[in-house]
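Before any comments, here is the structure.
The values are calculated or read from the model by the stated rules, or taken from the named source; none is laboratory data. Since this is a predicted model, take the numbers as computed values, not measurements. Don't worry about glycine lacking a Cβ; one is built from the backbone with ideal geometry, like all the others, and counts go over all protein chains shown. Heads up: the accessible areas ignore ligands, DNA and RNA and are worked out on the full protein's heavy atoms, side chains in. Shrake-Rupley method; radii C 1.70, N 1.55, O 1.52, S 1.80 Å.
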Amino acid sequence: MAAIIKVEHLTHIYGEGMPDATTALEDVSFEVEKGEFLGVIGSTGSGKSTLISHFNGILKPTRGKIYLDGKDIWAEPDKIRQVRFAVGMVQQYPEYQLFEETVAKDIAFGPRNMGLPEEEIGERVRRSAKFCGLSEDLLEHSPFELSGGQKRRAAIAGVMAMNPRVLVLDEPAAGLDPEGRDTILSQIKQYHKATGVTVLLVSHSMEDIAKYADRVLVMDQHRIAMLDEVAKVFARADELLELGLSVPQVTKIFLRLRQMGLEIPTDVYTVPYAVKTIQEALAAKKEVG
Ligand code: ADP
Ligand code: MG
């Protein structure tokens, strides 16, 4: 598969040369494949937000390069606006950036900025509102009348409405209740399926990553610790635990069972797969016994 984003020897130092300089990323290299759903996980301060903020030029590398479709995004700094349109960024708690009179106007803000015709803007607003489960009548309300989850979804819809080639979301489910989390994440998954847009999802939750991502990038202390398919990363559950990361509950149970000497796979990370594995193990036991 072709790379849509390529990160080459990326180092980021906040306040370089100052007494309080902080190295947030150290020599990070990897590629994001076109069309994939990539999860990004790592403990607080490991460098996740700093990393993704380079993809649309919010942050500039201290050293190293970022390529979008094979082009160094900083080769022509005055064209960085185009990169902002191509890589849609949903920052943490994006609802604080809602400010228009109506939800529709807020969602339209990005596309309007791109200078699109009104008709096209209207279509995009309706389409992305639908992806985010916001009904037509909500569109004419003030964003301040919406619930917390709805506000969050309106902010995400605003980024989707720009038709980005890559959608990057920094902890989009943070602070929501379990139902709100599931709603938002499954809508993002459906958007990914329907559009084929490359999605990068930063999350604290291994359960969420397990459920939605194809591959997962694990950050640890400003570097990449692992990058692989979800199943392969969870097969290294003991290493994840050493990095201070959690693993899904079922993975923990399976790891425990293996340590107790049971012949079972270690790459179990969803409940349905766990059930199937246990049924198979029991069936095999019956045949032997
Ligand atoms: P994460 O998103 O994984 O929690 P961050 O990218 O926010 O990690 O932070 C990585 C490191 O950079 C941390 O040590 C953090 O304290 C530091 N850092 C983040 N933002 C800034 C900033 N604006 N100025 C100085 N240091 C920062
Ligand atoms: Mg962060």
Of the criteria (1) away from ligand 2 (no atom under 16 Å from the Cβ); (2) in contact with a Phe, Trp or Tyr (Cβ under 6 Å, 6 or more places away or on another chain), which one Thr22 fails
(1)
Quick check on the range 141-162. Is at least one of its residues without any contact (Cβ under 8 Å) to a residue 24 or more places away in the chain, open to solvent by 20 Å² or more (accessible area, probe 1.4 Å) and basic (Lys, Arg)?
no
For Pro19, indicate whether it is assigned to a loop (DSSP other than H, G, I, E, B), in contact with a Leu (Cβ under 8 Å, 6 or more places away or on another chain) and more than 25 Å from Lys189 (Cα to Cα).
no
Just checking, does the range 28-50 include any residue being more than 17 Å from Val202 (Cα to Cα) and open to solvent by less than 60 Å² (accessible area, probe 1.4 Å)?
yes
Restricting to the range 51-88, name every residue that is surrounded by fewer than 15 Cβ atoms within 10 Å (Cβ to Cβ) and in a strand (DSSP E or B).
Arg63, Lys71, Asp72
In the range 89-135, how many residues are under 27 Å from Leu68 (Cβ atoms), in a loop (DSSP other than H, G, I, E, B) and open to solvent by 70 Å² or more (accessible area, probe 1.4 Å)?
3
Any idea which of Gly180, Gly158 is under 24 Å from Glu207 (Cα atoms), in contact with a helix residue (DSSP H, G or I) (Cβ under 8 Å, 6 or more places away or on another chain) and not β-branched (Val, Ile, Thr)?
Gly180
Restricted to the range 190-207, and to residues that are in contact (Cβ under 8 Å) with a residue 60 or more places away in the chain and assigned to a helix (DSSP H, G or I), which residue is farthest from ligand 2 (Cβ to nearest atom)?
Ala194
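Residue by residue, here is whether (1) open to solvent by less than 40 Å² (accessible area, probe 1.4 Å); (2) at pLDDT 95 or above; (3) within 15 Å of ligand 1 (Cβ to nearest atom) holds:
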position: His204; (1), (2), (3): no, no, yes
position: Ile209; (1), (2), (3): yes, no, yes
position: Val218; (1), (2), (3): yes, yes, yes
position: Arg256; (1), (2), (3): no, no, no
position: Pro265; (1), (2), (3): no, no, no
position: Val268; (1), (2), (3): yes, no, no
Residue tally, condition at negative phi and either open to solvent by less than 70 Å² (accessible area, probe 1.4 Å) or in contact with a Gly (Cβ under 6 Å, 6 or more places away or on another chain) (or both), over the range 1-17:
10
Note: among Leu116, Leu98, Leu68, just one is touching a helix residue (DSSP H, G or I) at 6+ places or on another chain (Cβ under 8 Å), modelled with pLDDT under 95, among the aliphatic types (A, V, I, L, M) and away from ligand 2 (no atom under 16 Å from the Cβ), namely Leu98
Yes or no: Asp20 of a type in the set (Asp, Glu), open to solvent by 60 Å² or more (accessible area, probe 1.4 Å) and within 16 Å of ligand 1 (Cβ to nearest atom)?
yes
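Rundown of residues vs (1) modelled with pLDDT of 90 or more; (2) surrounded by fewer than 17 Cβ atoms within 10 Å (Cβ to Cβ); (3) within 16 Å of ligand 1 (Cβ to nearest atom); (4) part of a strand (DSSP E or B), yes/no style:
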| position | (1), (2), (3), (4) |
| --- | --- |
| Ala225 | yes, no, yes, yes |
| Leu245 | no, no, yes, no |
| Gly261 | no, yes, no, no |
| Ala283 | no, yes, no, no |
| Lys286 | no, yes, no, no |
When residues of the range 171-202 are limited to those that are farther than 13 Å from Gly149 by Cβ and of a type in the set (D, E, K, R), the one most open to solvent (accessible area, probe 1.4 Å)
Lys193
Report yes if Glu229 is at pLDDT below 95 and surrounded by fewer than 21 Cβ atoms within 10 Å (Cβ to Cβ), otherwise no.
no
